[in-house]
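The structure appears below as structure tokens.
The values are calculated or read from the model by the stated rules, or taken from the named source; none is laboratory data. All figures in this text were calculated on a predicted structure; none of them were measured in a lab. Virtual Cβ from ideal backbone geometry, glycine too; neighbours counted across all protein chains shown. These area figures cover heavy atoms from the full protein model, side chains too; ligands, DNA and RNA do not enter into them. Shrake-Rupley method; radii C 1.70, N 1.55, O 1.52, S 1.80 Å.
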Amino acid sequence: MPKRRQATSITATALALALLPLAPGAAGEADLTLRDSAPQGFHIGSSVAGGGHLDAEDHPDPFTHDKAYTALLGQEFDSLTPENRMKWSELRPSEDTYDFSLADRIVEFAARKDQEVRGHALLWHQQNPDWLEEGDYSEQELRQILHEHVTTVVGRYKGRIHQWDVGNELIDDDSRLRTEENIWLRELGPEVISDVFRWAHAADPEAELFLNDYSIEDVNDKSDAYLDLVRELLADGVPVHGLSVQAHLTPAAGYPESMEENLDRFGDLGLRTALSEVDVRVETSGEGDGGTEEQLSEQADFYARALQACLNADSCTSFTVWGYTDRYSWIPSTFPGKGAGAIMDDDLKPKPAYGALRETLRSSG
Ligand code: G3I
């Protein structure tokens, strides 16, 4: 186990350097992108905006509409996660049809840009189509629908998706399996979790299969519940390979101080870990409020500490921000009075958090 760095001192240095004005046109370091700055084998990623909270916008798909946005997506990151385009509601207009058009474009773009792709998400209680949630299916019919979906979707991207969020948010905020809200757990029972991991593994033996959730960054009741679930699955020989903590953070809730220890708990079970949906929302007064200098400095510190925690944990090799720009962030539509959570602003300009990430990556060697 490499000597654990004193994250605080490195982070403080990274933060100080990040706040320095980037010398315009300086050669070398100031021009390095995030992916250029990452150590070998470590993936710095972003979600790909499109659909979901943007559905009601004039241009619901920035990935195909906003050339400046997409150019930076290819330049700065070496891992992409479709924010919505691989969810059931997007892929399955009806029981008998699939629409892979937008998901395919993201995967093809990633291949051209030498980027990994994180597939998101196969088993979830949200964003399932109405025909499924409101359908009148027998247990056997539902099981067949699920098996066909997993086999078809994972099989389609075989060899092109490196990590799948197979089980997404399966445990609720009371640290119990979502056996009511999640249609699959409710109608087919918790054993369906093992089935889906096995079906996904059969469809793509190379893909790393993850459990993904929020509020499990720290050692707490919910992450304890995941540790128990993972131990059970591993004991049954289920091909679960990873655990990702979403890391939707906010200074109002404090920094998850035991994140490194928590990641190591899953690493000690032989799992890969990742930070899969990182953002740091702050109090804002509404549209156009990008946060105060002090808020953005504290935000940069949270980003840098979270990245350092991942870099320090041997099992953690992937850090993905959930939207790299405030321009298309999900946060204001979900958390009124909060926003400015991304590492670049509405104008696609780097914020202190961007510099803090880049310096943390560089100083990790
Ligand atoms: O489907 C309804 C539609 O019937 C209704 O008319 C419309 C009214 O606004 O809302 C539609 O739901 C939207 C949904 O996407 C599906 O399109 C929600 O408003 C919208 O907030 C939602 O946004 C996405 C959200 O997942 C869905 O829960 C966001 O774009 C996406 O960033 C967010 O991402 C999730 C990850 O997948 C899992 N982890 C948490 C993360 C943030 O919630």
Which condition breaks for GLU283 when tested against (1) under 29 Å from GLY119 (Cβ atoms); (2) of a type outside the set (A, V, I, L, M); (3) in contact with a Gly (Cβ under 8 Å, 6 or more places away or on another chain); (4) more than 16 Å from the ligand (Cβ to nearest atom)?
(1)
Among all residue pairs at least 6 apart or on different chains, which show Cβ distances below 8 Å where the first residue, located in region 113-141, is away from the ligand (no atom under 12 Å from the Cβ) and the second is open to solvent by 90 Å² or more (accessible area, probe 1.4 Å) and assigned to a loop (DSSP other than H, G, I, E, B)?
VAL117/ARG160
Helices (runs of 4 or more DSSP H) lying entirely in region 184-271 (those with 2 or more residues that are among the β-branched types (Val, Ile, Thr) and modelled with pLDDT of 95 or more):
192-203
Which residue is surrounded by the most Cβ atoms within 10 Å (Cβ to Cβ), if the candidates are limited to region 307-339 and must be away from the ligand (no atom under 16 Å from the Cβ) and of a type in the set (A, V, I, L, M)?
LEU307
Expected single match for open to solvent by less than 30 Å² (accessible area, probe 1.4 Å) and at pLDDT below 95 among ALA18, ALA12 is ALA18
Inspect region 95-108 for any residue being over 30 Å from LEU142 (Cα atoms), free of Cβ contacts under 8 Å to residues at least 60 places away in the same chain, touching an Asp or Glu at 6+ places or on another chain (Cβ under 7 Å) and surrounded by 12 or more Cβ atoms within 10 Å (Cβ to Cβ) and give the result as yes or no.
no
Would you confirm, using the coordinates I've provided, whether ARG281 is surrounded by 18 or more Cβ atoms within 10 Å (Cβ to Cβ) and over 27 Å from HIS65 (Cα atoms)?
no
Residue pairs qualifying under the 9 Å Cβ cut-off, at least six apart or on distinct chains, with the first in region 229-257 being without any contact (Cβ under 8 Å) to a residue 24 or more places away in the chain and the second being among the β-branched types (Val, Ile, Thr), are GLU232/VAL238
Quickly run through region 32-74 and pick out the residues that are part of a strand (DSSP E or B) and either away from the ligand (no atom under 15 Å from the Cβ) or more than 22 Å from HIS162 (Cα to Cα) (or both).
HIS43, ILE44
